[in-house]
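Colleague: One structure coming up, written as structure tokens, with questions to follow.
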Amino acid sequence: MRARLSPLLLALLAGAALFCSVSRAAAAQMTTVTVCDDVAEWPPFTYRERDVSGQPGSRVLGFSVEVLRRILSPHRIAVQIELLPWVRCLREVESGQLFQMALNASFSQEREARFLFSQPYYETTHTYFYSRKVYPRGLRLRDVAELSRYQICGVHGYNYSAYGLSDQQVDRGALDFARVIAKLHAGRCEIGIEKLEAVAGFKRLGRDLLGDPDLGHAPIPGLARGEFHMLISRQHPQGEALRALIDRGLKTLRESGELRQLRQLRQRYLS
């Protein structure tokens, strides 16, 4: 005998179907999605194409760009990407007037109040960096709580809540991580925090930051790998529909194995 669905479950299923149909209809009205990301670049996830002499061009490439385009292109939605100072990019996406999305964002409660988050689509390794000029015998942390004992440098506008640190505990005056490294060597801070994959990715741009013999680094003990998301404007009228479309696209890419293949392709830039 076929089981009968309760009225509540039927109502929930009907509501979910209605939401999907509405979000698909709203997505069908989109022809272009405007996206911003950090002008300091975040290779291999987002960066400017270089010519043979290493000079950056106007074309923006990277894992995140490719993922977004593969999600939107079957719906005939174009992607326009511009690199801005990160704080300005977030402010623009929050208003929803010029930009609908930002790429490569970690989670924080403060950001959740301002933006819609996509499902996570890649992970990174939380890493601390130090200068061997200052610590010639190395610098070893036993757990993440020890970070609070040191002077820490980070990048302007970046999120450090995953480390249990407030904005006041991190000198975020540097505009990119190369400047953080310079501060470490100058003794202006003791530890710099960044994702290992992003620092390694600068080799792709002709800047081998990890090749610095005076720069030491190690994973931060006790922290799971960091998840990254796309941010969508809460203020844009198609924001909810765009998030639903992206999450469905990420699910399709995962189930088909295509997302894993793109991640494997990304790894060649980190060697």
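The values are calculated or read from the model by the stated rules, or taken from the named source; none is laboratory data. Worth saying up front: this structure is predicted, and the values here are computed from it rather than measured. Heads up, the Cβs are rebuilt from the backbone with ideal geometry, glycines too, and the neighbour counts pull from every protein chain shown. To get the accessible areas, we keep the full protein, side chains included, count just its heavy atoms, and leave off ligands, DNA and RNA. Shrake-Rupley method; radii C 1.70, N 1.55, O 1.52, S 1.80 Å.
Colleague: For the stretch 185-195, take each phi angle, set θ = phi - 60°, evaluate the Karplus expression 6.51 cos²θ - 1.76 cosθ + 1.60, and give the result in whole Hz per residue in order, putting x for glycine and proline.
Modeller: Running phi through 6.51 cos²θ - 1.76 cosθ + 1.60 with θ = phi - 60° gives 5, 7, x, 7, 8, 9, 9, x, 10, 6, 7 Hz.
Colleague: What accessible surface, in Å², does a 1.4 Å probe find on residue 208, ignoring ligands, DNA and RNA and rounding to the nearest 10?
Modeller: The accessible area of residue 208 comes to roughly 80 Å².
Colleague: Under 5 Å between amide H atoms, partner at least 5 residues away or on a different chain: which partners does residue 128 have, H built in plane at 1.01 Å?
Modeller: When sequence neighbours closer than 5 places are left aside, the close amide H contacts are 218, 220.
Colleague: Ignoring ligands and nucleic acids, what accessible area does residue 95 show with a 1.4 Å probe (Å², nearest 10)?
Modeller: 50
Colleague: For 190, 227, what's the largest-to-smallest order of accessible area, 1.4 Å probe?
Modeller: Largest accessible area first, the residues go 227, 190.
Colleague: In the stretch 124-187, what is the volume of the convex hull around the alpha carbon atoms, normalised per residue and reported in Å³?
Modeller: Roughly 98 Å³ of hull volume per residue.
Colleague: Once a ≥ b ≥ c are taken as the square roots of the eigenvalues of the Cα gyration tensor of the stretch 26-124, is the result rounded (a/c under 1.5), prolate (a/b larger than b/c) or oblate (a/b not larger than b/c)?
Modeller: Oblate.
Colleague: For a paramagnetic label modelled at 7 Å from the Cα of residue 112 toward its Cβ, which residues of the stretch 151-186 fall within the zone defined by backbone nitrogen distances under 17 Å?
Modeller: Answer for this model: 159-165.
Colleague: Turning to a different aspect of this structure: Stretch residue 210-residue 168 to full length: gain in nm at 0.36 nm per residue minus the Cα-Cα span?
Modeller: Once the chain is fully extended between residue 210 and residue 168, it gains 12.4 nm.
Colleague: Would you please give the residues with an amide H less than 5 Å from that of residue 33, counting only those at least 5 places away or on a separate chain, with H modeled from the backbone geometry?
Modeller: Here the answer is 78, 79, 80, since their amide H atoms fall under 5 Å of that of residue 33.
Colleague: What FRET efficiency comes out for the pair residue 175/residue 70, r = Cβ-Cβ distance, R0 = 35 Å, nearest 0.05?
Modeller: Approximately 0.70, to the nearest 0.05.
Colleague: If the reach is capped at under 20 angstrom between alpha carbons, list the aspartates and glutamates near residue 203, excluding any in the same chain fewer than eight residues apart.
Modeller: Within reach: 37, 38, 41, 49, 51, 66, 123, 176, 194, 212, 214.
Colleague: How much length is gained if the chain between residue 79 and residue 119 is pulled fully straight, taking 0.36 nm per residue apart and subtracting their Cα-Cα distance, in nm to one decimal?
Modeller: Between residue 79 and residue 119, full extension yields 12.5 nm more.
Colleague: In whole Hz and in residue order, list the ³J(HN,Hα) couplings for the stretch 45-62 that follow from phi through the Karplus curve 6.51 cos²θ - 1.76 cosθ + 1.60, θ = phi - 60°; x for Gly and Pro.
Modeller: 7, 8, 6, 7, 5, 9, 8, 5, 8, x, 7, x, x, 8, 6, 9, 10, x
Colleague: Can you work out the Karplus-derived ³J(HN,Hα) for every residue in the stretch 128-133? Use 6.51 cos²θ - 1.76 cosθ + 1.60 with θ = phi - 60°, whole Hz, and x for glycine or proline.
Modeller: So the J values, rounded to whole Hz, are 10, 10, 8, 9, 6, 5.
Colleague: How large is the helix-only mean residue ellipticity at 222 nm for the chain, computed as the sum of -39500 (n - 2.57) over DSSP H runs with n ≥ 4, divided by its residue count, in deg cm²/dmol to the nearest 500?
Modeller: Calculated from helices alone, the mean residue ellipticity at 222 nm is -10500 deg cm²/dmol.
Colleague: Can you check how the C-alpha radius of gyration of the chain compares to 2.2 N^0.38 Å, as a plain ratio?
Modeller: Rg over 2.2 N^0.38 Å, computed on Cα atoms: 1.12.
Colleague: Please compute the contact order of the stretch 96-222 in relative form: average sequence separation of alpha-carbon pairs under 8 Å and at least six residues apart, divided by the residue count, as a percent.
Modeller: Relative contact order, the stretch 96-222: 36 percent.
Colleague: Tell me, what % of the accessible area of the chain is carbon and sulfur with a 1.4 angstrom probe?
Modeller: 51
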